[in-house]
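What follows is a set of notes on a single structure, which appears directly below.
The values are calculated or read from the model by the stated rules, or taken from the named source; none is laboratory data. Not measured: the values here are computed from a predicted model. A quick note on method: Cβ atoms are made from the backbone with ideal geometry, for glycine too, and the neighbour counts reach across all protein chains shown. The area values use the complete protein model at the heavy-atom level, side chains included, leaving out ligands, DNA and RNA. Shrake-Rupley method; radii C 1.70, N 1.55, O 1.52, S 1.80 Å.
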There are 2 protein chains.
Amino acid sequence: MLDPGLFKALGDPTRITLLACLAKCGRPCAVGEIAQCCAVDLSVVSRHLRLLADAGVLDSSKSGRTVFYAVRAGPLAGALRRLADELERCCPADRRAPGSGRCCGSC
Amino acid sequence: MLDPGLFKALGDPTRITLLACLAKCGRPCAVGEIAQCCAVDLSVVSRHLRLLADAGVLDSSKSGRTVFYAVRAGPLAGALRRLADELERCCPADRRAPGSGRCCGSC
DNA sequence: TGCGTAGTTGCGTCATTGTGCAAATGCTAG
DNA sequence: CTAGCATTTGCACAATGACGCAACTACGCA
């Protein structure tokens, strides 16, 4: 559930810029288009987009020689909400008092 | 809104382990307690916990010479849900067709 | 078949970051 | 004041990751 992979993918400023650009656009965009959003090399953009796709954040589709990327908004939003639910389930508002010994038995 | 800082903080396996342990415990825990959750040095745990607190993930409180950390579940869950909402607002299900030119005008 | 465009990959470099050990700090108790 | 425990900080080292450039592949078009 708490997978560092997704967060790792979202933890880079350049990737966040690309993701924001793509989200704002709201449609599948080619690599070259997206690259105009930030000042880094096209090859860097290509690598970042693939990484985001591998992490499940983006969806990639090829048409001829151009590759389109789009935000997988639905699944991503679902994962974030599930995470939020699980967090609140684990840590209720009426919290137990601080204790000593082991933090939790299982880890 | 889309701040890489939070994701960066959550993007490390050791930090996720600590966070999961702390969430499962459901109460404020001392640094020494939490350190039993994973195999790294105590100093490393201390650094990770501070980093998570700086990112707004954890809450720290000092009592005597022991420092207690607890998950800020409410604010964190809220931030995740807001992010999910924004994502779905930006990228509706009936997506526009792929186009050419600039991805989006503003970035 | 030859050329131009779109994107990817290899490689070297540099900055960041995770880690452990040892020393230092902060606080409590005797 | 001294001893001792909980945590933090300094330092060095190794691993990771972002970046740019250049070479390469893949595809469409004349």
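So, of the residues in the range A:17-29 that are more than 13 Å from DNA strand D (Cβ to nearest atom) and free of Cβ contacts under 8 Å to residues at least 40 places away in the same chain, which turns out to be surrounded by the fewest Cβ atoms within 10 Å (Cβ to Cβ)?
Filtering the range A:17-29 for residues that are more than 13 Å from DNA strand D (Cβ to nearest atom) and free of Cβ contacts under 8 Å to residues at least 40 places away in the same chain, the one surrounded by the fewest Cβ atoms within 10 Å (Cβ to Cβ) comes out as A:Lys24.
Just to verify a result, which residue in the range B:17-50, among those that are among the hydroxyl-bearing types (Ser, Thr, Tyr) and more than 9 Å from chain A (Cβ to nearest Cβ), is nearest to A:Thr14 (Cα to Cα)?
Among those that are among the hydroxyl-bearing types (Ser, Thr, Tyr) and more than 9 Å from chain A (Cβ to nearest Cβ), it is B:Ser46.
Can you find, within the range A:53-69, the residue that is farthest from DNA strand C (Cβ to nearest atom) among those that are within 12 Å of chain B (Cβ to nearest Cβ) and touching a Lys or Arg at 6+ places or on another chain (Cβ under 7 Å)?
A:Val57
Which numbered condition in (1) more than 7 Å from chain A (Cβ to nearest Cβ); (2) not in a helix (DSSP H, G or I) is the only one that B:Asp85 fails?
Status for B:Asp85: all satisfied but (2).
If you check B:Ala55 against the conditions, is it open to solvent by 30 Å² or more (accessible area, probe 1.4 Å), closer than 20 Å to A:Cys91 by Cα and either in contact with a Phe, Trp or Tyr (Cβ under 7 Å, 6 or more places away or on another chain) or more than 10 Å from DNA strand D (Cβ to nearest atom) (or both)?
Answer is yes for this residue.
If you take the residues of the range B:1-16 that are more than 7 Å from chain A (Cβ to nearest Cβ) and over 12 Å from the mean Cα position of the chain (by Cα), which of them is least open to solvent (accessible area, probe 1.4 Å)?
B:Thr14
Could you pull out every one of the helices (runs of 4 or more DSSP H) wholly within the range A:1-59 that has 1 or more residues that are closer than 29 Å to B:Cys21 by Cα?
The helices (runs of 4 or more DSSP H) meeting that bar are A:4-10, A:13-25, A:42-54.
Please enumerate the residues belonging to the range A:39-50 that are in contact (Cβ under 8 Å) with a residue 12 or more places away in the chain and surrounded by fewer than 17 Cβ atoms within 10 Å (Cβ to Cβ).
Correct list: A:Val40, A:Val44, A:Ser46.
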